[in-house]
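Notes follow the structure.
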Amino acid sequence: MAKPERGRGSRNESPEFADKLVAINRVSKTVKGGKRFGFSALVVVGDQKGRVGFGKGKAKEVPEAIRKATEKARRNLFRVPLRESRTLHHDVEGRHGAGKVILRTAVPGTGIIAGGPMRAVFEMLGVQDVVAKSLGSQNAYNMIRATMNALDKVASPRLVASRRGKKVSEILRKPTAEAARS
């Protein structure tokens, strides 16, 4: 996964970030006197302008677990390049464990066609048009991690051009009819 952003403004708790609670799990531990309950929370945080992160927190009380998860998510933010600030640059697949996700670009007006935990990631990321499909695991943790893995693979035309030593216009150029025939 991409390295979390550090440096300028990463320490302050600014209100520019939105967060979404994806899942709460109650776990129990059987001890001599009965059962002890704990809670784990999964939270996705983003600025809705191309930065997103997730975190999980565990505690004896739900609010404390959510607070810990949110804190971890803010520390693990990373930037995803978006086309026209509304969709992905290209189709991509991501995996984590038994979870596999497929993310596809979409035309304006499509909306977010994704289920459950993936929808939360796209909403916090600021994506408006995307088609996503989850295959394999339906575990929220694995789906989020697989989605983050896929988003980490998204490359902007500028990045691809610099990697190949070309101009952005050469990368984005549509193939002509003559080039297709030869």
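Pairs are defined by a Cβ separation below 7 Å, a sequence spacing of at least 6 or placement on different chains, a first member in the range 131-158 that is more than 14 Å from residue 51 (Cα to Cα), and a second member that is crowded, with 18+ Cβ neighbours inside 10 Å and polar (S, T, N, Q); the pairs so defined are 143/134; 143/137. If I filter the range 116-132 for residues that are of a type outside the set (S, T, N, Q), part of a strand (DSSP E or B) and open to solvent by 20 Å² or more (accessible area, probe 1.4 Å), do I get at least one hit? Scanning the range 116-132 turns up at least one residue that is of a type outside the set (S, T, N, Q), part of a strand (DSSP E or B) and open to solvent by 20 Å² or more (accessible area, probe 1.4 Å).
Taken over the range 80-115, residues that are basic (Lys, Arg) and not in a strand (DSSP E or B) amount to 1. Set side by side, the residues 121, 92 differ, and just one is touching a Lys or Arg at 6+ places or on another chain (Cβ under 8 Å) and under 30 Å from residue 25 (Cβ atoms), which is 92.
From the list 82, 77, 88, pick out the single residue that is over 30 Å from residue 36 (Cα atoms) and in contact with a Phe, Trp or Tyr (Cβ under 9 Å, 6 or more places away or on another chain). Step through it out loud before you land on a result.
Numbers: 82 fails: in contact with a Phe, Trp or Tyr (Cβ under 9 Å, 6 or more places away or on another chain); 88 fails: in contact with a Phe, Trp or Tyr (Cβ under 9 Å, 6 or more places away or on another chain).
Going through 82, 77, 88 in turn, the sole match is 77.
Of the residues making up the range 46-69, those that are crowded, with 18+ Cβ neighbours inside 10 Å and under 19 Å from the mean Cα position of the chain (by Cα) are 46, 51, 52, 53, 54, 55, 56, 57, 66, 68, 69. Of all residues in the range 28-45, those that are at pLDDT below 95 and open to solvent by less than 80 Å² (accessible area, probe 1.4 Å) total 3.
Of the strands (runs of 3 or more DSSP E) that lie entirely inside the range 16-68, those containing 3 or more residues that are farther than 17 Å from residue 141 by Cβ and not polar (S, T, N, Q) span 18-31, 34-46. Close Cβ contacts (under 8 Å, 6 or more residues apart or on different chains) running from residues in the range 18-31 that are more than 14 Å from residue 62 (Cβ to Cβ) to residues that are open to solvent by less than 80 Å² (accessible area, probe 1.4 Å) and among the hydroxyl-bearing types (Ser, Thr, Tyr) comprise 19/70.
The values are calculated or read from the model by the stated rules, or taken from the named source; none is laboratory data. Just so we're clear, the structure is a prediction, and the values are computed from it rather than from any experiment. Here Cβ is always computed from backbone atoms with ideal geometry, including for glycine, and neighbour counts include all displayed protein chains. Side chains included, ligands, DNA and RNA excluded: accessible areas come from the protein's heavy atoms. Shrake-Rupley method; radii C 1.70, N 1.55, O 1.52, S 1.80 Å.
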